[in-house]
Structure formats: structure tokens, C-alpha cells
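The values are calculated or read from the model by the stated rules, or taken from the named source; none is laboratory data. Because the structure is a prediction, the values reported are computed rather than measured. Note that we place each Cβ from the backbone using ideal geometry, even for glycine, and neighbour counts take in every protein chain shown. The area values use the complete protein model at the heavy-atom level, side chains included, leaving out ligands, DNA and RNA. Shrake-Rupley method; radii C 1.70, N 1.55, O 1.52, S 1.80 Å.
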2 protein chains.
Amino acid sequence: MSTLTLDLPDGGYPIHIGTGLLPSGDLLRAPVAGDRVAIITNEIVAPLYLAHLTLALAPYDPAVVILPDGETQKALSTIDHITGALLAARCDRATTLFALGGGVVGDITGFAAAVYQRGVPFVQVPTTLLSQVDSSVGGKTGVNHALGKNMIGCFYQPKAVIIDTATLATLPDRELSAGLAEVIKYGAIGNRAFLEWLERNMEALLRRDPDALAYAIEVSCRDKARVVMADEREAGVRALLNFGHTFGHAIEGGMGYGCWLHGEAVAAGMVMAAQLSQRLGWLAAADAERLRVLIARAGLPTRAPALAPQRYRELMAVDKKAAHGRIRFVLLRALGEAFLTDDVPEDALMAILDPGG
Amino acid sequence: MSTLTLDLPDGGYPIHIGTGLLPSGDLLRAPVAGDRVAIITNEIVAPLYLAHLTLALAPYDPAVVILPDGETQKALSTIDHITGALLAARCDRATTLFALGGGVVGDITGFAAAVYQRGVPFVQVPTTLLSQVDSSVGGKTGVNHALGKNMIGCFYQPKAVIIDTATLATLPDRELSAGLAEVIKYGAIGNRAFLEWLERNMEALLRRDPDALAYAIEVSCRDKARVVMADEREAGVRALLNFGHTFGHAIEGGMGYGCWLHGEAVAAGMVMAAQLSQRLGWLAAADAERLRVLIARAGLPTRAPALAPQRYRELMAVDKKAAHGRIRFVLLRALGEAFLTDDVPEDALMAILDPGG
């Protein structure tokens, strides 16, 4: 097992990465401060791993909330539902919430913890590759609004992140690939050596080689932790983590949440962002193509769905990263070097949004 | 005009108290950091004071959300509604929200600001006595759940509180009295000299003498700011501000939110808390009666509605102040001296909940 620490002014927290962490239980009990816990999970994950948590946390009389699966659960109505379940189980302000599942469960549980009785502690136990390398680390929590993804939420940090890589054994192939999109992102935006490692090890990752997965998760978490420590509230450098996400969120919203997986939308979005970087003269054509090939090798889509360009524009304009009505883009200066800009000529953008137009 | 400052580790904010502050406009523009504002108000307050704000804030292209009146608006569905309105008006993360209205509008707007795109700044412009002396100061924001009051929320501080005492001219008598409940509370829990001033000046307050009101608001805000500065997150002394509220929240919940005004429920709750203090030997009978008389003189109820005692117990057990299943009470050792305890014998409590039993 390896443990990274994410240090922040209000207190840091450990990120434990290893195999078989859930059955042992010690790491699950360590972050519990009060005398009560509640576990939030979903109908897919509960049959697989809930028993580990209820056993390990039995001394804390765990309340359990099992949600339906899917991105559509990321709504205020789910926060209302969880709050009602916690109140019915007499969970007070000394209760620690556990998020057991993927990014959706983690985002919902973190937000529920942030607002339940004005804030209770929570622990992330991510069980998908995407949540292990991205959403469980860094304290972004929230739900969607019908008019925009992640529009309602808080920055609220967990007390610990417990990543048991053994949970990836049960992950569907499509979800594994979706997680690899965010892994590739870390290489593309700031870690060229890691990108090259991914080029050499993509097949090992796809056949779920434990050592390869553990290494990829550790590098991803370390890169993410470094960025979050430098800029918790996304006033600057943290925005680079949104590479591919401005286009990606538009794809997700335009197709209806849950149709494309988040990682799939980000994958196609990264290809679009690289193409835009190339068109504006920042990125060599060979490098844009090299990134596209790696994304394709991960089993991910490299072409966005054919929405009307104007629809893409509308969807991107409500993105949280838009400032003063201008869309901010994360572009690449080179593989491993991203930058922020809101200075993108309209015709260049339209050429990306409407490649056949 | 007088200005108090509430200093906190993450930055303080001014509390301006004076007459005619809204028409002048300067104080409204001062806390705006970005280039856009949105005003959240309700159907009662909008016809009276919204024009002052839209005029003063015209350079910031104000979006306006007008809610129906009433405590039932304090629900997650209203947060969803406000979020949708802000997104439709293209309000980005640089938007400052203004809460124009009473405690309900302030609590909702503060929470909406805390969670809109993971947090935007907001300004409190309270127009009721209750919100001016209590809820607009200190950063408690949130909404109700069907199973409990204020169960979903955040600690989230405003950038400024602007109290125009001229707005009290249009306040219904019943609301004025409800605000006086919280004013009396400050005297009862920690400021005996102020309690005695209230005994001498209750008639002046009820006839809305401007100087008397300004003084009462200023002392109340100063006392509240002092407590919040000492204990922002209610780990200790801030809980004393809940004097009368454990009983009061049970009354509100038991009767259905909005039936009793919050201040009315707190008034009857303070009488119950004083009676309990007396029964347990802490408070002299004459002092409990003296507090009851002052509350009655303010035009407030001094007897709780006749709910079944067991119903009161259930409602109090879900109160946020309950810890580890035990109800925590704020009791009086003397007029002007409150303390916290969870050591209240069952028979003493039942005698208060069921005086005829």
C-alpha cells in the first residue's frame, strides 16, 4: 500500500492506494471521529462491496442508503432523499458519511455531507477507475441542474480517500476505459513522461495488470493532489484539470446526462481541444494525432456526436468555467503542457464544432 | 449610521445600521466584486424596496428572482428554482447575490450563494426586525427538510449586511413582535443591562421609535457578532444563541412550518426554557416570571400550543443540537446568564411539556 497526503490550510487528508484495503477494515475505521457512520452507495456496488464496510464499521451502527445507479441521481432530489434517510436513522452531527461507489456516488455523498446539518465529515471509498484517479480527490462535490452539470455544489474535502484497486476487478470494460480518459488527461496537461509510459503500457492497463493499474492511479492522484494543494478553489492552475471538459460537458449535456459516460465525453473533448490547439498553431499536428491514437487505444471515442454547432456553443456558454460570458478553454502548447485562454477566434471554434461544415 | 465589523479568520465583513441606507445606494454597490448581480426577494418585499436595489445596482445588470412569501419556500426545490433562474440569466461565478427580505429570503439566498457553481458572494439586506437582529448576521444558511428545520445548509458568510431601519415602517405588527423575541433573547442569555433597558423601553419599541429600534438592533448585532467571532461553527458558546429554540423548533415543526412565526415559537420556547430552569433550581421563580412578562409585553405568545408531550420529545430529538441521541438544552442560571446542559431529568421535562398532565 502507498499513502499520499493532500495538505490544505484547513487540514490535510491521506489518500491510501492498495489492494485488499476494504476487507482489512482498519483504514475504514481510522477516519471515524464520532460514534456513528452512514454508508451511501448504489444498487450496483452494494452487492459487491457493501458487506466489507458494514462489517468493518459495525461498531458505529452504520445507516445505509442504497441509491439507484446512474448520473440522473446527481440531483437535489437525491440530497433530499439522503437527508430524510439520515434523519430517520437519527444520524446527528457526529456522523461520518462514507461514499462507496463511483464518481456519481462520491459527488452526491460529498455534497450531502457538506450540507447535512451544516456539515458532517465524510470518507471517499471510490470503486471505479474514474473516481479513483479523479473525482474522489480534491473536494469538488455537487449535483447537476437541468440546465447544467455540477451547477450546485461545494468545495468540501473528505477526511480520507481509500482506494482499493481490487475493486477494479468487477468494473465493466466500458467504465475502465472511461477512467483511462482522466488518466491520459494528467499526462496530456502536465506529465509528458507519464504520457509516454501510458503509450507503452496501455495494453497492460486494459488487461487490468495490477501493478500497471496501481502505478497509473498513484501518479494520477499525486498529480491531482499537487494541483489541488496549489489551488484548492480553482482560482488558477486547477482549471487546467478541466482539459477536455468544456467540450465534454457540452457533449454530456447535449446528449442527456448518462448517455455518454463522463470519461467518454472527456475523451472526445480532449481530441477536440487538441485539434483546436493545432488549428490555432499551438500544437504540432503529429502531437494532436499522437494523443488521439492513445485515446483510441484506451477504447474511447475520439469523435464527438453530431450536435448542431450552435447547440454546442449554448451548452459551453453555461459551463462554470465561462467568465463574463466568455468561454475559457484549456489548450495544449505541447504534449504535457496545457494553458488557459479565452482568446479563441470564432471561426476556429466553429471548424472544430462542425468539422463537415 | 453605525458600522460594526464581524472579524473571522477567512475575512470579516461590515454590518451597517442606519435609516435610509437603501435609497442612497453607495453601500449596496460597495461589496460588489464582479460585474454582475442578482437580487433574490419575495412578493411582499419586492413592491416596497426592490426598486431601490435595481436602481442602485443598475450598472451590474441585476437579475431578479421574486419568490412567493413564507417559510414553506425554505426547501431544496427553491434552490433548484433559483439556480435555474440564475443560469437562464447567464449569471456566472463572478455574480454577487443580494438577499432582500426577511429571514426566509436571507437563509435561502445565503444557501443558494454557497452552492451556486460551488460558491458566489452574497450580501444580506434584511427588511424585518428578526432578520436584522439575528438571521442576517453570522453566516447560517440553509433550508428545511420535511423531517426537520434547517437540516440542509452551510456556514457561509455574507460580504456585507446592510440594515436600513426605515424598512421597519412597513413591517406588520405581528412580525415586529416576532423580531423582538430574538432581541429579548440577547438580554436573557448574556446581557442583563440590555434586558433591563428593554423593560424600560418596550413601549417605545412597539410604537417604532426610530432611536429605540436602532439601539436595540445595534446591541443585538454587536452581541451576536461577538458570539460568532468566538465560535463561528457552533462548537461551543454559539449554541447559547439557541435559547428557546429547541422548544421553539419543536413548536414550529409540530404546528407545520409557517403556522407560528419563528419568533413566536422562540418566545414560547424561551418561557418553557425559563420554567425548566426554575424547576431544576437554577433560576428564581421571580426571574422566570419577569422574563415571561417582558415577552408578553412584546405582544408575543408565552404558552406553547398543546401538542402531545411525546410529540414534542420526538421533534426535539431530531433537532441539530441533539448529540449522541441526547437533547441539549440552553437554560438560565440567572437573567443574563445562560448555560448548556444535556442533563435534564425526564420528569422535569415532562412537567414542562405537559403542564396540565
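What the table shows:
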| item | result |
| --- | --- |
| Segment A:141-154 - phi-based ³J(HN,Hα) in whole Hz, Karplus 6.51/-1.76/1.60, Gly and Pro as x | 10, x, 10, 8, 10, 3, 9, x, 7, 6, 7, 10, x, 9 |
| Amide proton proximity set for A:ALA160, modelled H, under 5 Å, gap of 5+ | A:GLN124 |
| Distances in nm from B:ALA230 to the matching label points in the other copies, shortest first (labels 7 Å along Cα to Cβ) | 4.3 |
| Buried on assembly, segment A:112-128 (at least 40 Å² less accessible surface than by itself, 1.4 Å probe) | A:VAL115, A:GLN117, A:ARG118 |
| From phi via Karplus (6.51, -1.76, 1.60), per-residue ³J(HN,Hα) for segment B:56-61 in Hz, x at Gly/Pro | 4, 9, 3, x, 10, 6 |
| At 7 Å out from Cα toward Cβ: B:GLU196 inter-copy label distances (nm, ascending) | 8.2 |
| Nonlocal amide H pairs with A:CYS154, under 5 Å, H built at 1.01 Å | A:THR141, A:GLY142 |
| Between helix A:103-115 and chain A: long-axis angle, C-alpha atoms, 0 to 90°, nearest 10 | 60 |
| For segment B:193-228 versus segment A:283-353, the gap between their alpha-carbon centres in whole angstrom | 59 |
| Segment B:35-88 versus segment A:100-170: alpha-carbon centroid distance in Å | 31 |
| Reciprocal mean inverse distance between Cα atoms of the protein assembly as shown - Kirkwood radius, Å | 27.0 |
| Residue-wise HN-Hα coupling along segment B:48-53, computed from phi with Karplus coefficients 6.51, -1.76, 1.60 (Hz; x: Gly, Pro) | 8, 10, 4, 4, 4, 6 |
| Shape of segment B:2-170, Cα gyration tensor, a/c cut at 1.5 | rounded |
| Other copies of A:ASP354: label-to-label distances in nm, shortest first, labels 7 Å along the beta-carbon direction | 7.5 |
| Solvent-accessible area buried by B and A, counting both chains, probe 1.4 angstrom, square angstrom | 3400 |
| Estimated distance in nm for a label pair at B:ASP211 and A:LEU147, the labels positioned 7 Å out from Cα along Cα-to-Cβ | 4.9 |
| Using alpha-carbon coordinates, inclination of helix B:245-255 to the longest axis of chain B, degrees | 80 |
| Modelled FRET efficiency - R0 22 Å, A:ASP231 with A:ARG326, Cβ distances, 0.05 increments | 0.60 |
| 15 Å cut-off, amide nitrogen to a point 7 angstrom out along A:LEU48 Cα→Cβ, residues in segment A:126-163 | A:126-133, A:163 |
| In Å², nearest 10: area of A:PHE194 left accessible to a 1.4 Å probe | 10 |
| Two-site label geometry, B:MET255 and A:ASP7: point separation in nm, points 7 Å out along Cα→Cβ | 5.5 |
| Nearest-20 debye value, segment B:182-353 charge dipole, Cβ charges on Lys, Arg, Asp, Glu | 60 |
| Accessible area expressed per residue, chain A, with surrounding protein chains retained (probe 1.4 Å, Å²) | 35 |
| Candidate residues B:VAL266, A:VAL318: accessible-area rank, largest first, probe 1.4 Å | A:VAL318, B:VAL266 |
| Unsatisfied cross-links (Cα-Cα over 20 Å) in the set B:LYS140/B:LYS185; A:LYS224/B:LYS140; A:LYS159/B:LYS74 | A:LYS224/B:LYS140; A:LYS159/B:LYS74 |
| For segment A:146-184, residues shielded by at least 30 square angstrom of accessible area compared with the chain on its own, probe 1.4 Å | A:LEU147, A:MET151, A:ILE152, A:GLY153, A:CYS154, A:PHE155 |
| By average C-beta atoms within 10 angstrom, highest first, the peptides B:178-190, A:26-38 | B:178-190, A:26-38 |
| For B:VAL64, residues with placed amide H under 5 Å, excluding near neighbours | B:ILE39 |
| Accessible area of segment B:182-353 belonging to carbon and sulfur atoms, whole % at 1.4 Å probe | 50 |
| Theoretical ellipticity at 222 nm over chain A - DSSP helices of four or more residues, -39500 (n - 2.57) apiece, nearest 500 | -13000 deg cm²/dmol |
| Per-bin percent of Cα-Cα distances, chain B [20 Å] | 32, 58, 10, 0 |
| Accessible-area composition of segment A:83-171, carbon plus sulfur, in percent [1.4 Å probe] | 58 |
| Between helix B:173-190 and chain B: long-axis angle, C-alpha atoms, 0 to 90°, nearest 10 | 60 |
| Closest approach to the axis - chain A beta-carbon, rotation onto B, Å | A:LEU76, 2 |
